[in-house]
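Just below is one structure, and these are the notes that go with it.
The values are calculated or read from the model by the stated rules, or taken from the named source; none is laboratory data. What you are looking at is a predicted structure, and each value in this text was computed from that prediction instead of being measured. Cβ placement follows ideal geometry from the backbone for every residue including glycine, while neighbour counts extend to all protein chains displayed. Accessible surface areas use protein heavy atoms only, side chains included; no ligands, DNA or RNA. Shrake-Rupley method; radii C 1.70, N 1.55, O 1.52, S 1.80 Å.
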Amino acid sequence: MIANIISGTSVFGALAYNYDKVKEGTASIIHTNNMICENGNEAALTMQSAMLSFEPYLLMNRKTRNMVAHISINPDPEDKLSTEKYKELVDAYLEKMGYKDQPFVVFKHNDIDREHIHIVTLKVGSDGRKLNDKYEKVRSMDASRELEIKFGLKPVADRVEQRDRQFIKPIDYRQGDIKRQMSNTIRSVINTYRFQSLGEYNALLSCFNMEAKYVKGEDNNSMY
């Protein structure tokens, strides 16, 4: 099991990417917490209701820049989990990472040759304070190893590769060398996610403080 946490600024972008997959029929909502669901129907949660659910936390935010957590959980392709087991796995992981009381929505994706999970939640609590994310990568890997045992999942084949895996970072002008940051982030996004339109691509890029535009030159050659 590999878990990847992306910290970003745009909850809209994270939600838009996943809801586009729902519209395509390649993803579905399987679980929520502290979200405004009509008649308690989690699967019917709309993007508008999700945004409204997150809004109080966003308004209370006390200077936390990257306040959105877009988490992917990827079991080995040989692991076959029911929806209920996925929900138990997500709850256990979020509890270990300190997100169990946060508003969140969980999407199950089947847009590639293996099922995987995407979670959209926030890094700020109801009081506007940032949640503790110290040593987050290490804690995430430790939690993944524990949950592999608990749920009988196949262990990660190459733990060194997992330890050294580059986590995608949002663009931050304060760190300088914007060109290098953009190059690294775009490469990681392309290698990690699947998208089929400029709209989906921009929904992803907005999580990392970027936007792509379609440009047509005088020679009629189109490029992004």
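Under 16 Å from a label point 7 Å along Cα→Cβ of I149: give me every residue in segment 70-94 with its amide N that close.
93
Please report the base-10 log of the normalised intensity I(q)/I(0) for segment 17-143, using a Debye sum with one equal scatterer per alpha carbon and no solvent, at each q in 0.13, 0.16, 0.20, 0.23 (1/Å).
Values returned for q = 0.13, 0.16, 0.20, 0.23 Å⁻¹ are -0.54, -0.82, -1.24, -1.49.
What are the residues whose amide H is under 5 Å from the amide H of I2, where those residues sit 5 or more places off or on another chain and H is modelled from the backbone?
The answer is N74.
List, in order, the whole-Hz ³J(HN,Hα) value for each residue of segment 19-33 obtained from phi through the Karplus relation with A = 6.51, B = -1.76, C = 1.60 and θ = phi - 60°; use x for Gly and Pro.
Using θ = phi - 60°, the values come out as 5, 4, 5, 4, 4, 6, x, 10, 8, 8, 7, 10, 6, 9, 8 Hz.
Please report how many Lys pairs in segment 3-96 have alpha carbons closer than 28 angstrom, counting only residues at least 8 apart along the chain or sitting on separate chains.
Taking segment 3-96 as the scope, the lysine pair count is 11.
Using a 1.4 Å probe, how large is the accessible area of M182, given in Å² and rounded to the nearest 10?
Estimated to the nearest 10 Å², M182 gives 80 Å².
Which of the GluC sites (Glu not before Pro) found in segment 1-92 are in a DSSP loop and have at most 11 neighbouring Cβ atoms, other than their own, within 10 Å?
Working: sites: E24, E38, E42, E78, E84, E88; in loops: E78.
Answer in residue order: E78.
Just add up the charged neighbours of H118: K/R +1, D/E -1, any other residue whose Cβ is under 10 Å from the Cβ of H118.
Charge balance near H118 sits at +2.
So how long is each side of segment 30-95 along the principal axes, counting just the alpha-carbon atoms, biggest first, in Å?
Projected onto its principal axes, the Cα set of segment 30-95 covers 42, 31, 18 Å.
Could you tell me the relative contact order of segment 1-142? Use alpha-carbon pairs under 8 Å, at least six residues apart, and round to a whole percent. Write out the running numbers ahead of the final one.
Details: 234 pairs, mean separation 49.8, N = 142.
Answer for segment 1-142 is 35 percent.
Return the sequence-ordered ³J(HN,Hα) values of segment 60-65 in whole Hz as given by the Karplus equation 6.51 cos²θ - 1.76 cosθ + 1.60 applied to θ = phi - 60°, using x for Gly and Pro.
7, 3, 10, 6, 7, 6
Express the Stokes-Einstein translational diffusion coefficient of segment 92-131 in µm² s⁻¹, to the nearest whole number, given a Kirkwood radius over alpha-carbon pairs, 10 °C and a viscosity of 1.306 mPa s.
On the way: Rh = 11.5 Å.
Estimated diffusion coefficient is 138 µm²/s.
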